[in-house]
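Data block below; observations after.
The values are calculated or read from the model by the stated rules, or taken from the named source; none is laboratory data. From a predicted model like this one, the values you see are computed outputs, not experimental measurements. A quick note on method: Cβ atoms are made from the backbone with ideal geometry, for glycine too, and the neighbour counts reach across all protein chains shown.
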Amino acid sequence: MPHQPNSILLFDGVCHMCHSAVQFVLRHNRGQDIFFASLQSDTGKQLLAAHGYPENSLQSVVFFDGGTLYTKSDAALQVGKKLGGGGGALSLLGLAIPRFLRDPVYLWIARNRYRWFGKSEHCFLPTPAMRARFLD
């Protein structure tokens, strides 16, 4: 794979909740150093395969940062930490809670996200201004 950015967030491209989360990160990532790709995209599939992560595991957001792969609640909290400000402080607080307590809550939300927030037949299309931060 060609050179990739240091921080990449893979998200479910058909999930309305995930679209909202990506838009939140786009607005609050002041350093604009987090890049995006959908889990369903060729880029997403290649990144997952390169790290030995099962490509059919769409129940989790995946965050690559500095060569480390984070999933589930760890991924969400690591993204928050990179945002800085109040999100960074909340993420540090969240990281103090053991993963065995955080991940079941994350998985419960992930299992219900389509029912609660809906699902789109098409992946999120970024605006031209946002497009430079998307890898697919």
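Here Ser91 meets each of (1) surrounded by 12 or more Cβ atoms within 10 Å (Cβ to Cβ); (2) among the small types (Gly, Ala, Ser); (3) at pLDDT 90 or above with one exception, condition (3).
Of everything in region 29-44 that is surrounded by fewer than 17 Cβ atoms within 10 Å (Cβ to Cβ) and of a type outside the set (S, T, N, Q), the residue that is nearest to the chain's Cα centre (by Cα) is Asp33.
With respect to Gly80, is the statement that it is within 16 Å of Leu9 (Cβ to Cβ), surrounded by 11 or more Cβ atoms within 10 Å (Cβ to Cβ) and touching a Gly at 6+ places or on another chain (Cβ under 6 Å) true? Spelling it out, Gly80 is indeed within 16 Å of Leu9 (Cβ to Cβ), surrounded by 11 or more Cβ atoms within 10 Å (Cβ to Cβ) and touching a Gly at 6+ places or on another chain (Cβ under 6 Å). Among residues of region 1-28 that are at pLDDT 90 or above and aromatic (Phe, Trp, Tyr), those with a beta-carbon under 9 Å from a residue that is buried (at least 21 other Cβ atoms within 10 Å of the Cβ) and assigned to a loop (DSSP other than H, G, I, E, B) at least six positions away or on a different chain give the pairs Phe11/Leu39; Phe11/Val61.
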